Amino acid sequence: MPIDSRPLPSFIASSSQEGIPYGRFAETLTEEFAKGVERIEDLPEGVEMPAKLDWFPERRWGGRVWMPVTGRTSGDGEAIELFGHVSYRQEGEGDPEDFRTMADFTDVLAEDNPDWNIDLNDDVIGEWRGENDRAGDVTLVWGRPLMQGAAAVTAQLETATADQAPITDGRFTLIALDALKAYGDDVFMEIKLWNRRSQELASESLYAEEEPDPEPSDSEPASA
């Protein structure tokens with residue numbers, strides 16, 4: 001086999017072993033996430049922790065276990081979604097320790113965007129460095145398919161599959177490299193949904209597409 005002159009790192013994280021948390025451990029994670037929500041500086045007035053949070057399958061990378069989460073609530077009379085993750089260290093069968101939390105919110109909701117096929121969240125959780133100045137962002141991605149028939153999801157770097165996971169209770173978690181540099185053109189992650197027959201259902205970028213500038217009308221001269 002010839003040497004790969006343009007290697008794209010793949011499958012850097014362990015697959016989910018426990019799935020979606022429940023019971024006492026879910027309560028512990030909820031308490032940790034609530035602490036993170038309290039630290040959000042621009043949180044709207046009147047926001048309270050949701051009665052129910054939706055946890056996503058865990059993934060392990062960098063010596064930590066990563067547990068993404070979302071939850072619907074409201075503030076100032078407007079519906080918002082809290083999102084983030086709780087991570088921790090766990091050695092063998094020992095107790096989780098060294099909890100860390102990221103929490104944020106958004107008022108851009110899936111139901112207000114009928115053109116979405118996947119409801120995505122992401123956060124950069126680390127850095128990867130390769131040879132010849134190659135580098136990339138280790139990125140945690142979690143979300144839900146918004147269409148019927150999705151059985152699995154992949155993170156793609158051009159034609160290479162960087163990570164994949166099953167859809168579990170309508171949710172998924174990925175960890176893969178994004179924004180790779182020094183590969184010629186920069187390489188960005190793309191998320192794809194697949195059905196049970198390995199047919200692609202949808203594809204989404206982590207980056208919002210820029211709206212094209214409107215063309216000047218006949219009554220408005222173009223800028224010089």
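The values are calculated or read from the model by the stated rules, or taken from the named source; none is laboratory data. Nothing here was measured: the structure is a model prediction, and the numbers come from that model. Heads up, the Cβs are rebuilt from the backbone with ideal geometry, glycines too, and the neighbour counts pull from every protein chain shown.
Does Arg59 meet the test of being among the basic types (Lys, Arg), surrounded by 12 or more Cβ atoms within 10 Å (Cβ to Cβ) and touching a Leu at 6+ places or on another chain (Cβ under 8 Å)?
Spelling it out, Arg59 is indeed among the basic types (Lys, Arg), surrounded by 12 or more Cβ atoms within 10 Å (Cβ to Cβ) and touching a Leu at 6+ places or on another chain (Cβ under 8 Å).
Output the residues belonging to region 1-39 that are assigned to a loop (DSSP other than H, G, I, E, B) and more than 19 Å from the chain's Cα centre (by Cα).
Listed by number, the residues that qualify are Met1, Pro2, Ile3, Asp4, Ser5, Arg6, Pro7, Leu8, Tyr22, Arg39.
Out of region 83-116, which residues are charged (D, E, K, R) and without any contact (Cβ under 8 Å) to a residue 60 or more places away in the chain?
Arg89, Glu91, Glu93, Asp95, Glu97, Asp98, Arg100, Asp107, Glu111, Asp112, Asp115
Only one of Asp119, Asp98, Asp104 is part of a strand (DSSP E or B), on the phi > 0 side of the Ramachandran plot and not aliphatic (A, V, I, L, M). Can you tell me which?
Asp98
Quick grid of which residues meet (1) farther than 19 Å from Asp122 by Cα; (2) out of contact with any strand residue (DSSP E or B) (no Cβ under 7 Å at 6 or more places or on another chain):
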residue: Gly36; (1), (2): no, no
residue: Glu41; (1), (2): yes, yes
residue: Gly46; (1), (2): yes, no
residue: Ala51; (1), (2): yes, yes
residue: Asp54; (1), (2): no, no
residue: Pro57; (1), (2): no, no
residue: Val65; (1), (2): no, no
residue: Pro68; (1), (2): no, no
residue: Thr73; (1), (2): yes, no
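Mind listing whichever residues of region 162-181 are touching a Phe, Trp or Tyr at 6+ places or on another chain (Cβ under 8 Å), closer than 12 Å to Ser16 by Cα and of a type in the set (A, V, I, L, M)?
Of everything in region 162-181, those that are touching a Phe, Trp or Tyr at 6+ places or on another chain (Cβ under 8 Å), closer than 12 Å to Ser16 by Cα and of a type in the set (A, V, I, L, M) turn out to be Ala165, Leu174, Ile175.
Condition first: part of a strand (DSSP E or B) and within 28 Å of Asn195 (Cβ to Cβ). Can you find one or more residues in region 75-82 that meet it? So that I can check it myself, show each step before the final result.
In the first step, residues of region 75-82 are kept if they are part of a strand (DSSP E or B); the result is 75, 78-82.
With the extra rule that they be within 28 Å of Asn195 (Cβ to Cβ), the set shrinks to 81.
The answer is yes; a qualifying residue exists.
Filter region 165-195 down to residues that are farther than 14 Å from Phe56 by Cβ and in contact with a Lys or Arg (Cβ under 9 Å, 6 or more places away or on another chain) and give me whichever is modelled with the lowest pLDDT.
Looking at the filtered set, the residue picked out is Gly184.
Yes/no matrix, rows are residues, columns are (1) exposed (fewer than 12 other Cβ atoms within 10 Å of the Cβ); (2) among the polar types (S, T, N, Q):
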residue: Ala34; (1), (2): no, no
residue: Ala51; (1), (2): yes, no
residue: Thr70; (1), (2): no, yes
residue: Ser74; (1), (2): no, yes
residue: Ala103; (1), (2): no, no
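Just a yes or no: is a residue in region 13-25 closer than 24 Å to Glu78 by Cβ, out of contact with any Lys or Arg (no Cβ under 6 Å at 6 or more places or on another chain) and at pLDDT 90 or above? Quick ask: steps written out before the conclusion?
Of the residues in region 13-25, the ones closer than 24 Å to Glu78 by Cβ are none.
The answer is no, given that none of the residues of region 13-25 is closer than 24 Å to Glu78 by Cβ, out of contact with any Lys or Arg (no Cβ under 6 Å at 6 or more places or on another chain) and at pLDDT 90 or above.
I want to confirm something. Restricting to region 122-152 and keeping residues that are basic (Lys, Arg) and surrounded by 15 or more Cβ atoms within 10 Å (Cβ to Cβ), which single residue is farthest from Ser10 (Cα to Cα)?
Arg144
Just to be sure I understand the filter: pairs with C-beta atoms under 7 Å, separated by 6 or more residues or on different chains, first member in region 51-62 and touching a residue at least 12 places away in the same chain (Cβ under 8 Å) and over 14 Å from Ser15 (Cβ atoms), second member among the β-branched types (Val, Ile, Thr) and surrounded by 17 or more Cβ atoms within 10 Å (Cβ to Cβ). Which pairs pass?
From residues that are touching a residue at least 12 places away in the same chain (Cβ under 8 Å) and over 14 Å from Ser15 (Cβ atoms), the pairs are Leu53/Thr30; Leu53/Val69; Asp54/Val69; Asp54/Thr70; Trp55/Val69.
Name the pairs: first residue in region 17-45 and hydroxyl-bearing (Ser, Thr, Tyr), second residue at pLDDT 90 or above, Cβ to Cβ under 8 Å, at least 6 apart or on different chains?
Thr28/Pro96; Thr30/Met49; Thr30/Leu53
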